[in-house]
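*Asks:* Below you'll find the structure I mean.
The values are calculated or read from the model by the stated rules, or taken from the named source; none is laboratory data. Nothing here was measured: the structure is a model prediction, and the numbers come from that model. With ideal geometry, Cβ positions are generated from the backbone for all residues, glycine too; neighbour counts draw on all protein chains shown. Keep in mind that these areas ignore ligands, DNA and RNA; they rest on the heavy atoms of the full protein, side chains included. Shrake-Rupley method; radii C 1.70, N 1.55, O 1.52, S 1.80 Å.
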Amino acid sequence: MNIRHAGIGMTSQRTRGRMIERLRSQGVTDEVVLAAMNSVPRHIFVDEALSTRAYDDVSLPIGHAQTISQPYIVARMIEVLRNGGQLSRVLEIGTGCGYQAAVLGQVAREVYSVERIMALHKRAALALKELQARNVVLSHADGTMGRPERGPFDGIIMAAAATHVPQALLEQLAVGGRMVLPLGAQEQVLTLIERDAGGYRETRLEAVKFVPILMGKA
Ligand code: SAH
């Protein structure tokens, strides 16, 4: 642990414990997800000035007009993705600060996460290095293209809202795989897409609010 995190370090485990209890009361039941969120220090992913709020159930600014998702949404998306099973290869679009990628790294064998904003990509890489999350591979690219050379993926998570599911991501979803993403413009709905041998099935889960997906690199 470096100096910057030393102060909060002593209390963060207890604060994290309270976050886990809150997630339970919000209906998260997957013990694997709860254990993963209990082990990843969320405060190292936010600005020092905001670190006392890191475990509140809110999204927080991470610069470049982007946010770290609120704990409930991170937990819910990963719970839906896992569906009680084991994940081997997961793709995340929208690394942001890298927090969700770190949690995914605890529940999946390999995680590939793509971010279009270079500065965020670099900062996330530093945080994940500090956590020694070696099974999380970051890249700086437009994530709507996915990572065809690494697929197919048995789980795909989009952390930014789209009006339609990018075709490349549908193609990179393994048969038997699950994709979770916010769909819609003004009104967004967290949506699950399951692929089986016969095709794709879409299930609408709950209303959410995400930043929009943008095209190209920045
Ligand atoms: N996963 C983050 C939340 C990130 S917010 C967390 O753990 O809290 C959404 C992120 O998606 C932003 O960083 C934004 O820059 C990124 N994004 C938006 N459009 C994208 C695209 N086409 N490709 C890759 N990343 C994108």
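*Asks:* What are the residues in the range 104-145 that are of a type outside the set (D, E) and near the ligand (Cβ under 8 Å from one of its atoms), if any? Full working, then the answer.
*Replies:* Initially, the range 104-145 is screened for residues of a type outside the set (D, E), giving 104-109, 111-114, 116-129, 131-141, 143-145.
If the condition is that a residue be of a type outside the set (D, E) and near the ligand (Cβ under 8 Å from one of its atoms), then S113, V114, R116, I117, L120, A141, G143, T144 are the ones that fit.
*Asks:* Out of the range 114-137, which residues are outside any loop (DSSP other than H, G, I, E, B), within 29 Å of Q186 (Cα to Cα), within 17 Å of the chain's Cα centre (by Cα) and not small (G, A, S)? Step through it out loud before you land on a result.
*Replies:* Filtering the range 114-137 down to residues outside any loop (DSSP other than H, G, I, E, B) leaves 114-115, 118-130, 136-137.
Narrowing the set further to residues that are within 29 Å of Q186 (Cα to Cα) leaves 114-115, 118-121, 124.
Retained after the next criterion (residues that are within 17 Å of the chain's Cα centre (by Cα)): 114-115, 120-121, 124.
Hits for the range 114-137 are V114, E115, L120, H121.
*Asks:* Taking the conditions exactly as written (within 15 Å of the ligand (Cβ to nearest atom), open to solvent by 20 Å² or more (accessible area, probe 1.4 Å) and more than 15 Å from T203 (Cα to Cα)), does A168 satisfy them or not? Explain how you work it out, then say what you get.
*Replies:* On the way: within 15 Å of the ligand (Cβ to nearest atom): yes; open to solvent by 20 Å² or more (accessible area, probe 1.4 Å): yes; more than 15 Å from T203 (Cα to Cα): yes.
Judged against the criteria, A168 is a match.
*Asks:* Pick out the one residue from A141, A162 that is small (G, A, S), out of contact with any Lys or Arg (no Cβ under 9 Å at 6 or more places or on another chain) and farther than 15 Å from L81 by Cβ. Spell out how you get there, then give the answer.
*Replies:* On the way: A141 fails: out of contact with any Lys or Arg (no Cβ under 9 Å at 6 or more places or on another chain).
None of the others qualify; the one that does is A162.
*Asks:* Of the residues L205, L190, L173, which single one is in contact with a Phe, Trp or Tyr (Cβ under 8 Å, 6 or more places away or on another chain), closer than 18 Å to R82 by Cβ and either more than 16 Å from the ligand (Cβ to nearest atom) or aliphatic (A, V, I, L, M) (or both)? I'd like the intermediate steps shown before the answer.
*Replies:* Numbers: L205 fails: in contact with a Phe, Trp or Tyr (Cβ under 8 Å, 6 or more places away or on another chain); L190 fails: in contact with a Phe, Trp or Tyr (Cβ under 8 Å, 6 or more places away or on another chain).
Every option except L173 fails the conditions.
*Asks:* When only residues in the range 169-218 that are of a type in the set (S, T, N, Q) and under 16 Å from S69 (Cβ atoms) count, which is nearest to the chain's Cα centre (by Cα)?
*Replies:* Here is the first cut: in the range 169-218, the residues of a type in the set (S, T, N, Q) are 172, 186, 188, 191, 203.
Subsequent filtering for residues that are under 16 Å from S69 (Cβ atoms) retains 188, 191.
Details: Q188: 17, T191: 15 Å.
Applying the filter and picking the extreme gives T191.
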